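The values are calculated or read from the model by the stated rules, or taken from the named source; none is laboratory data. Note that the structure is a prediction, hence the values are computed from the model and not measured. Because the Cβ atoms are built from the backbone with ideal geometry, glycine has one as well, and the counts that use them run over all protein chains shown.
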Amino acid sequence: MNRTSERNGFVAVPPAEQILDALAGPVAVLDQSGTIIAVNQAWRDFGRTNSGKDVRHVGTSYFDICDRTIGVEAACAKAAATGIRSVLAGQPAFSLEYPCHSPAQKRWFQLRASRLDHDGHAYAIVAHHDITDRVLVEQERQALLAKAHQHHEQLRALAAVSTRVAAVDSPEAIFDEITEQARLIIGAHWAATHTLPYALWPSEPVIVSVSDKYRDYPLATLAQNGAGIYSHVIQLGCPLRLSKEELSSHPDLQDTHFVEAHSLAQLGMLAVPVTGPQGGMLGVLMLLDKQNGEFTAADEAILIQLAQIASVSIENAVQARAERESRERLWATHEHAGVGIAETNAAGQFLTTNRGLSAIIGYSRSELLNLSIFDIIHPDDAEAEGALYKRQVAGELMTYSREKRSIRKDGSNVWLNVSSTAVFNEQGRFQYSVRVIQDIDERKRFEQRQALLVRELHHRVRNTLAVVQALATATSRTTTSIRDFNRSFSSRIAALAKTQTLLTEDYWQTAPLREMLQCELQPFWAKKNERFRLEGPDVNLSADLAIPLSMAIHELTANATRYGALSVRKGCVAVNWELIVAEGQRELHLKWVEQNGPPVEPPEHSGFGSLLLERILPAQCHARASLAFDPSGLQYEIHMPLITQRTVPEY
């Protein structure tokens, strides 16, 4: 071939071995069986670098070399052998990127196998290209992208935390959220916020958030963890970030207590003070035991931002709480004032009312807001009130006060002392009137009521003594021991006393049904687990109805406590009532239903409770009653006519 080239006038082609040596990357030629039949100088240098000795590999099976490879590179070697076989079998080319680290450095190569057909034989040209620079650049790019993504996610998390805590008005909840998110965003196993004592701060001075790694440790132990660091940061007044070596050797932190000396103490810490907008110290936010590596300056910056978010949010929360409590106190004062308070517009319509006015007039708040002062004034006083109010709206009177009669919802009259003060805007235009209404009916009719009260009191005392005697007799018949008698009789007397207390608040006239039920069921009130529900309108029962009905409620409650729904944690009682008008007579329809209690079975023997519920109460109240021992829960229903006439007038 070289001679032919010379005869034809061409430059002679170098031998194949020299051509192979001229190639920069390691190249080997394999025959059909995978045996290396030729290699270049770069291949020999490559082998010498990896093995430490001169290796030519010519005459060696490349496939055997791949099959003998062990360790982490075995998978790549097997994949290379498979690919080269496919090329020898007819596939045009094959490529594979793989690591090939020497003791001195880390390198990556790309193996490319190409098919060569010559004189009816198939060969594989195997070249290894050094792609270390490209891989390192790609790794750096991926690391930067991962870091950017991490920062992006952290910024998103910070924004989400800021939004959540901005809507919270509890410093304790803010500290909880900030502590938890600090651990999650930065990636630590342990986080805590140590708060300085303050009236609005959490009841627990140390708030802790931990991963599953420390979940089994007692909370008290976790709260004491790293207390020395907290004190040190308070004294420094600036962030503190220490590596594991610095933490273990820091002279001021040698006595710091850690949950697990070989974990927290050896993995570094990060702590920043939480200072208020005015510069006061609120506490310290601290992280220990980072999940991956040491805490960084970027972690410190994030923790500082979280501390700042906590500071601003807590300041806003404290201010919001103070404003809310101020409004609540003002509203509570408004609601619990012993007089009626209302605001009215220029036409005299009610804009706001308090509970006191509803108690005086008898109208609910919602009803009053649909009325005006002239709708409830006595006709004989309407003209004088209208003239005064008109002058006030016109700005001629800032304040006026007068005694007048008003008409309650039930049609009765009540004497009131009304003081009306006008509120004007900066332009002198009338805005609304503040009216303070005092019930003076007592003062005007005191003597009449006093005489009637004494007479009524004598009557009620005699009735009470009769009830006590009847209770004693009935209890003695249904008990078998002095101890049982004392217990049953005492509880019934206590129930009677509660009703008597409610009656005395209305001069022995009426008792509110809802309060009667609440007095008996109050021990079972729980915010997290509702044990009873009361649904029905406000009803005041006369003494003749309240006393026997209260005893029935007591017997139902006592039975539910011992045997029924209230004897188990998930059991509950629902009491519903309504007022029905039948044939011109107002009736109270009340139903007691027990739910989620033990299965109910009819008792083998009827005691005083059954006697009271099924016979005594219906007889005394002229009522219709039914007692059902439903397996799902005891049910009791009673329909009783209401007594509307009062012995002592309701002034």
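Details
- Here Ala574 does not fit the description of being more than 25 Å from Ser632 (Cβ to Cβ) and either surrounded by 13 or more Cβ atoms within 10 Å (Cβ to Cβ) or of a type outside the set (Gly, Ala, Ser) (or both).
- If only residues of region 369-400 that are among the small types (Gly, Ala, Ser) and surrounded by fewer than 12 Cβ atoms within 10 Å (Cβ to Cβ) are counted, the one that is farthest from Val436 (Cα to Cα) is Ala394.
- Across region 29-50, the number of residues qualifying as surrounded by fewer than 23 Cβ atoms within 10 Å (Cβ to Cβ) and either closer than 12 Å to Ser61 by Cβ or outside the structural domain of Gly83 (by TED's automatic domain parsing) (or both) comes to 7.
- Residue in region 174-191 that is closer than 30 Å to Ala301 by Cα, of a type outside the set (A, V, I, L, M, F, W, C) and in a strand (DSSP E or B) present: yes
- Residues satisfying the stated conditions in region 494-551, i.e. of a type in the set (D, E, K, R), at pLDDT below 80 and part of a helix (DSSP H, G or I): Lys498, Asp544
- Odd one out for Glu601, checked against (1) modelled with pLDDT under 90; (2) closer than 21 Å to Val539 by Cα; (3) in contact with a Phe, Trp or Tyr (Cβ under 7 Å, 6 or more places away or on another chain): (2)
- Candidate set: region 276-306, residues that are under 28 Å from the mean Cα position of the chain (by Cα) and part of a loop (DSSP other than H, G, I, E, B); chosen: the one nearest to Glu177 (Cα to Cα): Gly276
- Strands (runs of 3 or more DSSP E) contained entirely in region 80-171, each with at least 2 residues that are outside the structural domain of Ala182 (by TED's automatic domain parsing), among the aromatic types (Phe, Trp, Tyr) and in contact with a Pro (Cβ under 9 Å, 6 or more places away or on another chain): 108-118
- The set of residues in region 22-44 that are over 20 Å from Ser86 (Cα atoms) and assigned to a loop (DSSP other than H, G, I, E, B) comprises Leu23, Ala24, Gly25, Pro26, Asn40.
- Residue that is farthest from Ala28 (Cα to Cα), among those in region 82-108 that are in contact (Cβ under 8 Å) with a residue 40 or more places away in the chain and surrounded by 13 or more Cβ atoms within 10 Å (Cβ to Cβ): Cys100
- Matching residues in region 225-245 - criterion: being out of contact with any strand residue (DSSP E or B) (no Cβ under 8 Å at 6 or more places or on another chain), within 22 Å of Ile207 (Cα to Cα) and surrounded by 14 or more Cβ atoms within 10 Å (Cβ to Cβ): Gly228, Ser231
- Verdict on Ser248 being of a type outside the set (Asp, Glu), surrounded by fewer than 19 Cβ atoms within 10 Å (Cβ to Cβ), at pLDDT 80 or above and out of contact with any strand residue (DSSP E or B) (no Cβ under 8 Å at 6 or more places or on another chain): no
Conditions tested, residue by residue: (1) among the aromatic types (Phe, Trp, Tyr); (2) more than 35 Å from the chain's Cα centre (by Cα).
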| position | (1), (2) |
| --- | --- |
| Leu556 | no, yes |
| Arg569 | no, no |
| Ala574 | no, no |
| Trp592 | yes, no |
| Asn596 | no, no |
| Gly607 | no, yes |
| Leu611 | no, yes |
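- Some residue of region 632-645 being closer than 15 Å to Leu513 by Cβ, assigned to a loop (DSSP other than H, G, I, E, B) and not polar (S, T, N, Q): yes
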